[in-house]
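Read the structure below first, then the notes.
The values are calculated or read from the model by the stated rules, or taken from the named source; none is laboratory data. Bear in mind the structure is a predicted one, so any value in this text is a computation, not a measurement. All Cβ positions, glycine included, derive from the backbone under ideal geometry; neighbour counts span all protein chains shown.
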Amino acid sequence: MTADHSHSPAPTDAHAPGAAPHPEVHFPNWHTYKWVALILAVLTVAEVWIYYTPMKQTRLFAPALLTLSAIKFSIVVMFYMHLKYDAKIFRGLFLGPLAIAIIVLISLLFLFGHLSLHAT
């Protein structure tokens with residue numbers, strides 16, 4: 001009495017009839033990462049240049065650095081954390097609390113801005 005093991009199990013292929021198709025996900029290749037790294041390096045050089053120029057005494061110093069930092073942050077999140085290629089639910093779970101945090105920080109700046117020390 002031997003068992004017949006010649007038959008193969010039922011196919012578990014995702015392309016079988018009745019199976020739900022999976023959407024294709026395209027992740028960036030080496031060429032994309034090379035350009036992202038180059039852009040991040042250029043933005044970093046711009047930040048260092050702004051810091052070491054006479055722009056430090058102007059009112060544009062902090063907004064310029066904050067803007068460049070925000071751009072670098074969004075590029076890193078989109079490409080190196082793969083948020084650009086993830087499902088929309090993950091984008092919402094990341095961007096929702098981020099938006100709330102930004103609104104709270106800006107509100108606190110306006111609320112307590114009168115307490116800051118003004119240079120004369």
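Among residues of segment 85-110 that are in contact (Cβ under 8 Å) with a residue 12 or more places away in the chain, those with a Cβ under 8 angstrom from a residue that is part of a helix (DSSP H, G or I), sequence gap 6+ or separate chain, pair up as Phe94/Val77. If you check Ser107, Ser116 for being exposed (fewer than 13 other Cβ atoms within 10 Å of the Cβ), modelled with pLDDT of 85 or more and among the hydroxyl-bearing types (Ser, Thr, Tyr), only one passes: Ser107. Surrounded by 12 or more Cβ atoms within 10 Å (Cβ to Cβ) and among the aromatic types (Phe, Trp, Tyr) - does that describe any residue in segment 40-53? Yes, some residue in segment 40-53 is surrounded by 12 or more Cβ atoms within 10 Å (Cβ to Cβ) and among the aromatic types (Phe, Trp, Tyr). Out of everything in segment 77-98 that is surrounded by 13 or more Cβ atoms within 10 Å (Cβ to Cβ) and closer than 14 Å to Tyr33 by Cβ, what residue ends up being nearest to the chain's Cα centre (by Cα)? In this case the residue turns out to be Met78.
Taken across segment 56-64, residues that are more than 19 Å from His26 (Cα to Cα) and surrounded by 13 or more Cβ atoms within 10 Å (Cβ to Cβ) do occur, with at least one present.
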